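Student: I have a structure I would like to understand better, so I am pasting it below and will then ask my questions one at a time.
We did not get these values from a lab; they are worked out from the coordinates using the rules stated. Everything quoted here is computed from the prediction, not taken from an experiment. With ideal geometry, Cβ positions are generated from the backbone for all residues, glycine too; neighbour counts draw on all protein chains shown.
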């Protein structure tokens, strides 16, 4: 039994993304609507996701495009304010992700009481946002220093919009990451948000992850969720839950119910 069963009441949990609109300092920030508008839209999305029956929620600054690898303080300070305002309405376990800053994500989790974070914690990557270099040893020690030992770290082992610089196959990468870095979970992604995760890659990670939970991180939809969760231990879903399955659109509660209906069928067969 992994920590997933301690946090989530059902097997094969589905964690839904709450994509925050652009924040102060971001190129796309709505100055007229301000932070109050971001809070209003996030509250609506969280309610629609919960009404559709998701098992958890992951709150991220998804519309802070283009992303920084070390964010400005205004980003995570604003996220803390937003989550603080919404905290009483969140009825499921939640996590946070400050894209793409591992330390800021951990700090935000500790400040808001989040159960888990998802980030790039290990490896060196060539990405659309420049070279991502990480220091997982320093990150792990920072988690302890800020009393975040109970915050679960989900490692994005196949990050979006990036390629691992070293010539290592995914099986070796999985084994060494698990042995050296002790992740709480491994997230396997497609190219971008909404892009399908290759089932063969997902299976390879699962085969080499030992007891570490494996999470399918992008591209899950009502048609493939049963197949993807037959391999993975959990799923993170964002784009499919949007109106017409379009990344930029708001959450559609009916699409949430549709996918969760397929998940309930899968659970009934377990």
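Student: Taking springs between alpha-carbon atoms closer than 10 angstrom, which of 107, 150, 169 fluctuates most in the Gaussian network model of the chain?
Tutor: Largest GNM mean-square fluctuation: 169.
Student: Relative to the present Cα-Cα distance, how much length would full extension add between residue 266 and residue 36 at 0.36 nm per residue of separation? Present the calculation step by step, with values, prior to reporting the outcome.
Tutor: Working: separation 230, 0.36 × 230 = 82.80 nm, distance 3.92 nm.
Difference between extended and current length: 78.9 nm.
Student: At R0 = 51 Å, how high is the FRET efficiency between residue 51 and residue 166 if r is their beta carbon distance? Nearest 0.05 is fine.
Tutor: Efficiency, from the Cβ-Cβ distance: 0.70.
Student: Between residue 72 and residue 44, how many nm apart are label points set 7 Å from Cα along the C-beta direction?
Tutor: 2.7 nm
Student: Moving to a separate point now. Using Cα pairs closer than 8 Å and at least 6 residues apart in sequence, work out the relative contact order for the chain, in percent.
Tutor: Answer for the chain is 17 percent.
Student: Still on this model: Given just the C-alpha atoms of segment 111-270, how large is their convex hull per residue in cubic angstrom?
Tutor: Taking only Cα atoms, segment 111-270 has a hull volume of 135 Å³ per residue.
Student: Another question, then. In a Gaussian network model over the chain where Cα atoms closer than 10 Å are linked, find which of 203, 258, 85 has the largest mean-square fluctuation.
Tutor: Its mean-square fluctuation being the largest, the pick is 85.
Student: Work out the FRET efficiency for residue 199 and residue 87 from their Cβ-Cβ distance, taking R0 = 41 Å, and round it to the nearest 0.05.
Tutor: On the way: r = 36 Å, r/R0 = 0.89.
Efficiency, rounded to the nearest 0.05: 0.65.
Student: Starting from 0.36 nm per residue, how many nanometres of slack lie between residue 131 and residue 176 once their C-alpha separation is accounted for?
Tutor: Details: separation 45, 0.36 × 45 = 16.20 nm, distance 2.12 nm.
Gain in length upon complete extension: 14.1 nm.
Student: Given a cut-off of under 8 Å on Cα pairs at least six residues apart, what relative contact order in percent is computed for segment 1-127?
Tutor: Worked out over segment 1-127, it gives 25 percent.
Student: To continue, here is another question. For semi-axes √(5λ) of the Cα gyration tensor in Å, one of [x] 31, 21, 19; [y] 25, 23, 18; [z] 37, 21, 18 was computed from the structure I shared and the rest are decoys. Which label?
Tutor: Given [x] 31, 21, 19; [y] 25, 23, 18; [z] 37, 21, 18, the structure-derived one carries the label [y].
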